[in-house]
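The structure appears right after this line, and notes come after that.
The values are calculated or read from the model by the stated rules, or taken from the named source; none is laboratory data. As the structure is a computational prediction, the values presented were derived from the model and not from experiment. We place every Cβ from the backbone using ideal geometry, glycine too, and count neighbours over all the protein chains shown.
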Amino acid sequence: MDKLKGKAWKFGDGISTDHIAPGRLFHLRSNLPELAKHVLEDARPGFASIVQQGDFVVGGKNFGQGSSREHAPTIIKMAGVSAVIAKSFPRIFFRNCINVGLPALIIDTEKIDEGDELELDLLKGKLANLSKGATYTFPALPKAMANILADGGLVEHIKKHGDFKLD
Amino acid sequence: MGKTLSEKILSAHAGHDVRAGEFAVACVDLVYVQDGTGPLTVRQLEKLGFKTVSSPQRSIVFIDHASPSPRQELSNDHRLLREFCRRTGAILSDTGNGISHNVASEDYINPGEVVVGADSHTCTGGALCAFATGMGSTDIAVAMALGHTWLRVPETWKIAVAGTFPKGVYAKDFMLHFIGTVSADGATYKALEFTGPAMESLPMSGRLTISNMAVESGAKAGLFNSDSVTKAFLESLGRPAGYRPLQADPDAAYEKIMNFDVSTLEPMVACPHFVDNVHPVGTVEPLAVNQVFIGTSTNGRLDDFRVAAAILKGKKVAPGVRLLVTPGSRRTLLDGLADGTIQTLAEAGGIITGPGCGACVGVHEGVLGDGEVCVATQNRNFKGRMGNPNAFIYLASPATAAATAITGRITDPREFL
């Protein structure tokens, strides 16, 4: 996997899947390109029009809490986001990120400011903050999830192996 | 060393002994989706090239969220789901049948089973001593197709609850208090086991309320032992064969043990916009409310409506307040019609909707206006949850909701008992 490079967009604690993919847009769930135009709208209006290919979504605690809607990480990925970074993730959202092929990194995001240039080396498990000249490490994924992410998501993983590959 | 409930259930489904922290592939007994997550599951199954589901009679599609459909896009999603059921033989629980978690607990889930659903509140099934947990649409697509899923066996917290619930204080108040105590991410990845006299004495309706909200503390599952209450519940629904006693071993290894006593607990409220922003109702500003909503997978059962009806009997909803009453399932609606509960709520001024998720979804049947305040018996008060990011949602018990409907302000229900 190539290095992923982009700018940090900061969000606070407890961003829910209602912030990311609001319930009032329930009718757009079968129209993901249209839903993606509203990604994170209730946390930062107009986000879809300012985020650039390769950028990073940087949250606080419990980023992605709430509903199991996989549409939430899917439209973050569709917006061109390289990875979501947060102090912590709830389990369903974390699992969904990996399943849709969106890296989710657990890092103390206090150290990252809005607009910082970040570069992710997923293979080495390192995130460089080019603006601050700092490098952060993050916990490695369990093997079962690393395999899914390496294959590009759960659909590709199952197509390739026919089943889950835990080891 | 003995086993927790999760270790016991997952060992039985993995085909070998598994312990907390281990990864396992476990077969699943019941898999379900709803109309918010199901269309994506159907499309992912197509992408994966699966034309059949592993066990059609244990695969359920619930049309409960935007149901009946308020928009053509959603009507077309429903068509897709119905066609999927026709093609694969999966069970269709269509509009009017009720909320997935309510119907699954009434008609399908048995103690000791593994249940996965494309809905975060699938953990509701833990009340019946099933290992029940929510996942995304693609995970559920794979579980439906293959009949198994991968899981990390969770560490377990034992939540030991002593005492007797005071008058006007319910399972919902305890669970809000618990979430306020541990916080919204305090129990992330953990399984919770609710034990002790206060939990053992709860009827199944109260247990379902608590298990339903386990995910609001971050937990993966929230389980109760399978006991005489479980047995009586299954018998009352004509499913006695599904019962088996099941409890954690006395020497099971818990990551943490938390002790609570409900004897001094007060009615609690979760204030906007977070479920762990919990305060005793008496300390919350008695704001004027625009809407009161009683229903959902958290508190949409007959016992909940009876509590509300007892408070509202012979009284009227305050002018300017909309009281929404949404039975969780068709069974709840029919039982509530038969015993007069629904009549009482309607006479008080309640608006009775068809069974389903109702206003909790944020797309129909009670979307809030800008600046409006709602007291709801549901499980989430996130910004935008009820369809408007400029509205304010307070979570409470059916009793607090009913008392609030009468006064038009957030009210301690003990004033009416």
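Miscellaneous remarks
- Verdict on B:Ser205 being under 23 Å from B:Cys360 (Cβ atoms) and within 13 Å of another protein chain (Cβ to nearest Cβ): no
- Flag for B:Asn290 being within 24 Å of the chain's Cα centre (by Cα) and at pLDDT 95 or above: no
- For beta carbons closer than 6 Å, sequence separation of 6+ or different chains, a first residue in segment A:87-98 that is facing chain B (nearest Cβ under 7 Å) and a second that is buried (at least 24 other Cβ atoms within 10 Å of the Cβ) and of a type in the set (Ser, Thr, Tyr), the qualifying pairs are A:Ile92/A:Ser68; A:Ile92/B:Ser120.
- Test: residue in segment A:108-126 that is more than 14 Å from chain B (Cβ to nearest Cβ), under 19 Å from A:Gln52 (Cβ atoms) and without any contact (Cβ under 8 Å) to a residue 60 or more places away in the chain: no
- Exactly one residue out of B:Gly354, B:Gly349 is within 19 Å of the chain's Cα centre (by Cα) and in a loop (DSSP other than H, G, I, E, B), and it is B:Gly354.
- Among the residues listed as B:Val325, B:Val292, B:Val307, B:Val275, the single one being within 14 Å of chain A (Cβ to nearest Cβ), in contact with a helix residue (DSSP H, G or I) (Cβ under 6 Å, 6 or more places away or on another chain) and buried (at least 24 other Cβ atoms within 10 Å of the Cβ): B:Val275
- Selection within segment B:395-417 - away from chain A (no Cβ under 14 Å) and under 22 Å from B:His65 (Cβ atoms): B:Pro398, B:Ala401
- Inspection of segment B:139-152 finds no residue satisfying the criterion of being touching a helix residue (DSSP H, G or I) at 6+ places or on another chain (Cβ under 6 Å) and within 30 Å of B:Pro272 (Cβ to Cβ).
- Any hit, segment A:144-162, residues being within 14 Å of chain B (Cβ to nearest Cβ), under 12 Å from the mean Cα position of the chain (by Cα) and not in a helix (DSSP H, G or I): no
- B:Asn299 being crowded, with 22+ Cβ neighbours inside 10 Å and outside the structural domain of B:Tyr170 (by TED's automatic domain parsing): yes
- Where a residue in segment B:149-176 is assigned by TED's automatic domain parsing to the domain that holds B:Thr133 and under 23 Å from A:Phe94 (Cβ atoms) and its partner, wherever it lies, is among the basic types (Lys, Arg) and part of a loop (DSSP other than H, G, I, E, B), with Cβ under 9 Å and at least six apart: B:Leu151/B:Lys220; B:Arg152/B:Lys220; B:Val153/B:Arg19; B:Pro154/B:Lys190; B:Pro154/B:Lys220; B:Glu155/B:Lys190; B:Thr156/B:Lys190; B:Trp157/B:Lys190
- Evaluating B:Thr164 against the criteria (1) away from chain A (no Cβ under 14 Å); (2) crowded, with 24+ Cβ neighbours inside 10 Å leaves one unmet condition, (2).
- Among the residues examined, B:Gly320 qualifies as over 30 Å from A:Pro45 (Cα atoms), surrounded by fewer than 18 Cβ atoms within 10 Å (Cβ to Cβ) and touching a residue at least 40 places away in the same chain (Cβ under 8 Å).
- Among the residues of segment A:136-143, none qualifies, meaning not one is more than 13 Å from every other protein chain (Cβ to nearest Cβ), more than 29 Å from B:His121 (Cβ to Cβ) and among the charged types (D, E, K, R).
Every residue, every condition in (1) facing another protein chain (nearest Cβ under 10 Å); (2) of a type outside the set (Gly, Ala, Ser); (3) without any contact (Cβ under 8 Å) to a residue 40 or more places away in the chain, yes or no:
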position	(1), (2), (3)
A:Leu4	no, yes, no
A:Ile15	yes, yes, no
A:Leu25	yes, yes, yes
A:Glu34	yes, yes, yes
A:Phe47	no, yes, yes
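- Boolean, B:Ala130 is closer than 23 Å to A:Thr74 by Cα and aliphatic (A, V, I, L, M): no
- Meeting the requirement of 2 or more residues that are over 19 Å from the mean Cα position of the chain (by Cα), the strands (runs of 3 or more DSSP E) wholly within segment B:1-69 are B:23-27.
- Out of B:Ser75, B:Ser120, sole residue that is within 14 Å of chain A (Cβ to nearest Cβ) and over 27 Å from B:Lys220 (Cβ atoms): B:Ser75
- Filtered residues of segment A:104-133 (kept if over 16 Å from the mean Cα position of the chain (by Cα) and part of a strand (DSSP E or B)): A:Glu117, A:Ala128, A:Asn129
- Residue match in segment B:1-18 (condition: buried (at least 19 other Cβ atoms within 10 Å of the Cβ), farther than 30 Å from B:Gly366 by Cβ and in contact with a helix residue (DSSP H, G or I) (Cβ under 8 Å, 6 or more places away or on another chain)): yes
- Answer residue from segment A:91-123, given it is more than 30 Å from B:Ala221 (Cβ to Cβ) and out of contact with any strand residue (DSSP E or B) (no Cβ under 9 Å at 6 or more places or on another chain) and is surrounded by the fewest Cβ atoms within 10 Å (Cβ to Cβ) among those: A:Glu110
- Of the residues B:Ala405, B:Ala401, the single one that is surrounded by 21 or more Cβ atoms within 10 Å (Cβ to Cβ), within 18 Å of the chain's Cα centre (by Cα), modelled with pLDDT of 95 or more and assigned to a helix (DSSP H, G or I) is B:Ala401.
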